Amino acid sequence: MLDKKLILGVFDDGDKLLSAVTKLRQKGVEIMDCFTPYPVHNLDRAMGIKRTNLTVGAFLCGLTGFLSGLLLQFYMMTNHLNTFKSWPMIIGGKPQNYGMVPSMVPVTFELTILFTAFGIGILFFYRAKMIHGKIAQVLDLRQTDDLLLVAIEQDHLHMDRSELDGILKSNGAIEIRERNLEGTSNAKNS
Amino acid sequence: MGHHIITEIESEKYEFTSKSRRIVGAVFVLGLILTILGIVQLRGGSADASHEADTAAVEQHDDHAMDAASHEEASDAHYADAADAAHAEGGHDAEGDHAAAAGHGHGSTWVTRLWANILMNSYYFMLFAIAAMFFIAVNYAANAGWSTLLKKVAEAITSYLPVAFITIAIVLFVGSGELYHWLDYFNGEKTPGTPEYDAIMESKAWFLNNGWFYVGVPVIMLIWILFRWKIKGLSRKEDQEGGTTYFLKSIRFSAGFIVFFAFSFSILSWLVLMSLDAHWFSTIYSVYNFAIAFVTGLTVICMFTIYLKSKGYMSAVSDEVIHDLGKFMFAFSIFWAYIWLAQFLLIWYANLPEEVVYYDARLTDTFKPLFRTNIIMCFFLPFLILMMRNAKRHPKVLMLAGAIILLGHWLDMYLMVMPGTVGESASIGLLEIGMTMTFAGFFIYWVLHNLSKDQLYPMNHPYLLESVNHDVGV
C-alpha cells in the first residue's frame with residue numbers, strides 16, 4: 001500500500017471538531033476520517049459518511065439462516081425431500097406433513113438469529129479491517145485519551161494548505177500535524 | 001455548530017374543518033347504513049340458516065334434544081367434545097353445558113352476531129385509547145424525550161376512553177346474555193350430580209361471577225378514566241403555568257398508572273374476552289391482548305401524526321420521530337408474533353383437550369383461512385415492509401404498513417370473539433364491515449374533534465426541544 005500523507009488537525013473539544021469538519025465540508029474538503037475518544041453527535045452526518053450497507057448483509061445472513069433452518073428440519077423430520085431411509089422420526093406425536101410447521105418455528109428462529117449474529121460480526125470485522133493480530137495504526141496516541149483528530153488526505157486536498165490551516169486554527173485546533181499512514185505503528189510513542 | 005439546532009418552535013392548533021368533519025361523518029353514516037343493511041340481510045336469511053344448523057347439530061349429537069338449536073350451540077359442541085375427552089366424567093359436564101346453552105334458547109343468530117360485533121369493536125377501539133394512555137405513561141416513566149411532540153396526539157386518542165367505557169358497559173349490561181354462556185350457567189339452576197352440573201365452570205366460580213363482571217369491569221375502566229383525567233389535567237396546567245412541577249407529578253401518576261394498568265388490563269381482558277370461551281384458559285392471554293393494544297395504539301398514533309403532517313400541521317415532528325414510531329410498530333409486530341406463538345405453540349404441542357379447544361374452534365374450515373391471514377397481516381407483512389430503514393421514514397409506506405397492522409389486528413379480534421359466540425356461521429359480511437366503519441368513523445371524529453380543542457404541542461413540556469431536535473443518526 002502506498003503511503004498516505006495525512007494532515008491531522010488536533011482538537012480538544014468535540015464541538016470545535018464538529019464545527020471545523022462542517023466548515024471544511026462546506027469548502028469541499030474531503031475528510032478521510034475523524035478519531036475521537038468519545039462519540040460526537042452528528043459528526044457522522046457532518047463528515048458526509050454514507051450509510052453503511054452492512055444491513056443488507058445482515059438481511060442476507062438472516063435469510064440464509066432462515067432457509068437453512070427450514071431445510072434442516074424438512075430434511076431430518078419429514079419425507080418431503082425423500083430422505084427417510086428406514087422409518088420416520090415421530091417425536092412428540094407431531095404430524096409428518098406440512099402440519100408440523102409450527103414445531104419448526106423455534107429452530108428456524110434460532111438459526112436465523114445465529115446466522116445473522118455471526119454473519120454480521122464477521123462482516124463487520126472484515127469491513128472495518130479489524131483482523132486479529134493486526135497492529136492498530138494509531139495516528140496520534142492522544143486520540144485515545146483526551147484529544148480529537150480530523151485526518152485529511154493531502155493528495156485529495158484541492159485547497160491551499162494555508163487556507164486549510166486557517167480554517168482549522170480558526171475553529172480551535174490546538175495543533176496541526178502531518179503524518180504518513182504507513183509506518184505510524186513504528187512511532188507509536190510520538 | 002454544524003447541525004442546525006432548533007431552539008424555538010411555534011405553537012400550532014389543528015383546525016377540524018367542516019370538510020373533514022363531513023368526510024369522517026360520512027364514514028360513520030355509511031357504516032350505520034351498512035350495519036342496518038347487514039341486519040336486514042341476516043334477519044332475512046336467519047330462518048334457513050338456523051334450520052341448517054339444526055340439522056348439523058343433530059347429526060353430531062343426535063342423542064341430545066336440541067329444541068332451539070342455534071349457531072352458538074354448534075360452537076358449544078366443540079367445548080363439549082373437549083370436555084368429554086378431558087375428564088372421565090366429562091360427559092356430564094358437556095351435557096350440562098349444552099343444556100345451559102340450549103336452556104335459555106335464543107334462536108335468533110343475528111342478535112348474537114350483532115352483539116359480538118359490538119363487543120369486538122368496542123374492545124378493539126378501547127385498546128387504541130388505553131394503549132395511547134400507556135404510551136404517555138410509559139414515556140413519562142422512562143423519562144423519554146423523543147416522543148414529547150406526539151403527546152397531544154396520544155392525549156386526543158385517550159379522550160375516546162369514556163366512549164369505550166359506555167360501549168363496553170352497553171355490551172355488559174344489555175348484550176352479555178347473548179355472548180357469555182357462563183352467565184347463563186351461573187345464573188341458572190344447578191346441583192352436583194345432575195347433568196347440568198359443570199365441574200370446570202364451578203372451579204371458576206370465584207372469578208367468573210356477576211360481581212367481577214358487572215362491577216369489576218366498569219370500576220377498572222372508571223379508574224382508567226380517572227387516571228386519564230388526572231394526567232390530562234396536569235398536562236393542561238403545565239400548558240398554562242409551565243415549570244417542572246406538573247411534569248414531575250405526571251411521572252408519579254404515570255408510574256402508578258402503569259402498575260395499575262398491568263393488573264387491571266389483565267383482569268379486564270379475562271373477563272371481557274377470555275370468558276367468551278369460558279371452559280378454556282390461557283395464562284398469557286392478557287399479555288397477548290397487551291401486545292395487540294400496544295402495536296395498534298402505536299400504529300394509530302403514527303397514522304394520526306402522518307395525517308396531520310400531510311395536512312401541513314406538526315412540521316416540528318421530524319422524520320426522526322416518525323422513524324422511531326416506525327421502529328416501535330416494527331418491534332411490537334414482532335412482539336405480537338412472539339406472544340402469539342408462545343400461546344399457540346405450547347397449546348398445539350401439548351395437545352391437551354381442555355386447552356386445544358380454543359384453537360380447535362379456530363382451525364375449522366370457516367376460520368382457518370382467516371387464522372392464517374391474521375398471522376400474515378400482523379407479522380409477516382409488517383415485518384418485511386418495515387424492515388428497511390427507508391420504509392420507516394416514508395409516510396406512505398408507513399401508512400400502508402399501519403393499515404395492514406390495523407386490519408390484521410381487527411381480524412385478530414374477530415378470531416378471538418367470533419368462534420366462541422357466533423360459531424361456525426360467522427362470516428365477514430355487511431354487518432361486520434358496517435359496524436367497524438361506524439366505530440372507526442366515530443373514533444376518528446372524536447379524536448380529531450378533541451385534537452382541535454387543544455394546541456398540538458405541549459409547549460411547556462421540559463423535553464419539547466429534545467423531541468424537536470431528536471436525531472437517530474445516519
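Checking each residue in the range B:1-45 for being open to solvent by 70 Å² or more (accessible area, probe 1.4 Å), in contact with a Ser or Thr (Cβ under 7 Å, 6 or more places away or on another chain) and within 14 Å of another protein chain (Cβ to nearest Cβ) picks out only B:Met1. Looking only at the range A:118-133, residues that are open to solvent by less than 60 Å² (accessible area, probe 1.4 Å) and free of Cβ contacts under 8 Å to residues at least 12 places away in the same chain come to 2 in all.
Per-residue answers, yes or no, for (1) aliphatic (A, V, I, L, M); (2) closer than 30 Å to B:Pro353 by Cα:
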| site | (1), (2) |
| --- | --- |
| B:Pro195 | no, yes |
| B:Met201 | yes, yes |
| B:Lys232 | no, no |
| B:Ser250 | no, no |
| B:Leu273 | yes, yes |
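List pairs: first in the range B:152-172 and open to solvent by 10 Å² or more (accessible area, probe 1.4 Å), second assigned to a helix (DSSP H, G or I) and among the polar types (S, T, N, Q), Cβ under 6 Å, 6+ apart or cross-chain? Qualifying pairs under 6 Å: B:Thr167/B:Ser122. The C-beta contact set for the range B:451-474 (first residue within 14 Å of chain A (Cβ to nearest Cβ) and in a loop (DSSP other than H, G, I, E, B), second residue hydrophobic (A, V, I, L, M, F, W, C) and surrounded by 15 or more Cβ atoms within 10 Å (Cβ to Cβ), distance under 6 angstrom, 6+ apart or interchain) comprises B:His470/B:Trp146; B:His470/B:Val321. Would you say B:Val321 is over 22 Å from B:Met126 (Cα atoms) and part of a helix (DSSP H, G or I)? In short, yes.
Entry remark, the range B:342-377: residues being open to solvent by less than 40 Å² (accessible area, probe 1.4 Å) and within 13 Å of another protein chain (Cβ to nearest Cβ) number 9 in total.
Tell me the residue from B:Gly188, B:Gly145, B:Gly175 that is open to solvent by 10 Å² or more (accessible area, probe 1.4 Å), touching a helix residue (DSSP H, G or I) at 6+ places or on another chain (Cβ under 7 Å) and either within 23 Å of B:Ile322 (Cβ to Cβ) or modelled with pLDDT under 95 (or both), please. Of B:Gly188, B:Gly145, B:Gly175, the one residue that is open to solvent by 10 Å² or more (accessible area, probe 1.4 Å), touching a helix residue (DSSP H, G or I) at 6+ places or on another chain (Cβ under 7 Å) and either within 23 Å of B:Ile322 (Cβ to Cβ) or modelled with pLDDT under 95 (or both) is B:Gly188. Considering the range A:1-99, the qualifying helices (runs of 4 or more DSSP H), each wholly inside and each with 3 or more residues that are over 21 Å from A:Glu175 (Cα atoms) and more than 12 Å from chain B (Cβ to nearest Cβ), run over A:54-77. Can you find a residue that is farther than 24 Å from B:Arg389 by Cβ and open to solvent by 50 Å² or more (accessible area, probe 1.4 Å) anywhere in the range A:48-59? No: the range A:48-59 contains no residue that is farther than 24 Å from B:Arg389 by Cβ and open to solvent by 50 Å² or more (accessible area, probe 1.4 Å).
Can you confirm whether B:Ile375 is in contact with a Gly (Cβ under 9 Å, 6 or more places away or on another chain), part of a helix (DSSP H, G or I) and not small (Gly, Ala, Ser)? Yes, satisfied. What are the residues in the range B:382-396 that are in a loop (DSSP other than H, G, I, E, B) and aliphatic (A, V, I, L, M), if any? Within the range B:382-396, B:Met387, B:Met388 meet the criteria.
Considering each residue of the range A:137-150 in turn, none proves to be open to solvent by 90 Å² or more (accessible area, probe 1.4 Å), in contact (Cβ under 8 Å) with a residue 40 or more places away in the chain and in contact with a helix residue (DSSP H, G or I) (Cβ under 9 Å, 6 or more places away or on another chain).
The values are calculated or read from the model by the stated rules, or taken from the named source; none is laboratory data. What you are looking at is a predicted structure, and each value in this text was computed from that prediction instead of being measured. Cβ: placed from backbone, ideal geometry, glycine included. Neighbour counts: every protein chain shown. Heavy atoms of the whole protein, side chains included, go into the accessibility calculation; ligands, DNA and RNA do not. Shrake-Rupley method; radii C 1.70, N 1.55, O 1.52, S 1.80 Å.
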